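Report on the structure given below.
The values are calculated or read from the model by the stated rules, or taken from the named source; none is laboratory data. It should be emphasised that the depicted structure is a prediction, and the values quoted were computed from it without experimental measurement. Methodologically, a virtual Cβ is constructed for each residue, glycine included, from the backbone with ideal geometry; neighbour enumeration extends over all protein chains shown. When the accessible area is computed, the model is the full protein with side chains, heavy atoms only, and any ligands, DNA or RNA have been set aside. Shrake-Rupley method; radii C 1.70, N 1.55, O 1.52, S 1.80 Å.
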Amino acid sequence: MAGTGGGRPSIYPTLLYADAKAAIRQLTETLGFTELSVYEGEDGSVLHAELVQGNGAVMVGSKGRGGVFDAAMKDSGTAGVYVVVDDVDAHHRRAVDHGTEILMPPTDQDYGSRDYMARDIEGNVWSFGTYAPETGS
């Protein structure tokens, strides 16, 4: 597992909402989160947002925008977990060796991360990768 030096948490709950903008307002205005970044699509949907509280962070996005994660989460509820790891390929090999259902193999992302996605025995979606945004903590 990766370290958490430099103010970077190593686990990021990932939440998808039908109205992600309203959820971000609630989380920031009523639950004390701070908006670190929000990236919107051309249609105004939230592609990706990062909200921080203390030394932790959550990732937020809009349901129904497409992509592997959105499809994986379709029948799984609203939450997934992103875990930062140092060696994505070794982590993936271990998961495969133990029979874990892989939803996306290790993939280099255009934002610089390398990650993969898996489903646990209860249907929860887990992403493991190298992306670890600074939270300012």
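Within the bounds of the range 78-96, is there any residue that is touching a Leu at 6+ places or on another chain (Cβ under 9 Å), among the basic types (Lys, Arg) and either assigned to a loop (DSSP other than H, G, I, E, B) or at pLDDT 90 or above (or both)? So that I can check it myself, show each step before the final result.
To start, the set of residues in the range 78-96 that are touching a Leu at 6+ places or on another chain (Cβ under 9 Å) comprises 78-80.
Checking the rest, the ones that are also among the basic types (Lys, Arg) come to none.
Scanning the range 78-96 turns up no residue that is touching a Leu at 6+ places or on another chain (Cβ under 9 Å), among the basic types (Lys, Arg) and either assigned to a loop (DSSP other than H, G, I, E, B) or at pLDDT 90 or above (or both).
Within the bounds of the range 40-56, is there any residue that is of a type outside the set (Lys, Arg), touching a Phe, Trp or Tyr at 6+ places or on another chain (Cβ under 9 Å) and open to solvent by 70 Å² or more (accessible area, probe 1.4 Å)?
Of all residues in the range 40-56, those of a type outside the set (Lys, Arg) come to 40-56.
From the residues that got through so far, the ones that are touching a Phe, Trp or Tyr at 6+ places or on another chain (Cβ under 9 Å) too are 46-53, 56.
From the residues that got through so far, the ones that are open to solvent by 70 Å² or more (accessible area, probe 1.4 Å) too are 47, 53.
Yes, that holds for at least one residue.
Out of all the residues in the range 71-103, which are free of Cβ contacts under 8 Å to residues at least 60 places away in the same chain, closer than 20 Å to Pro133 by Cβ and open to solvent by less than 30 Å² (accessible area, probe 1.4 Å)?
Val88
Filter the range 107-127 down to residues that are more than 18 Å from Ala71 (Cβ to Cβ) and outside any loop (DSSP other than H, G, I, E, B) and give me whichever is most open to solvent (accessible area, probe 1.4 Å).
Here the answer is Asp108.
What single numbered condition from (1) more than 22 Å from Phe128 (Cβ to Cβ); (2) in a strand (DSSP E or B) fails to hold for Tyr12?
For Tyr12, the exception is condition (1).
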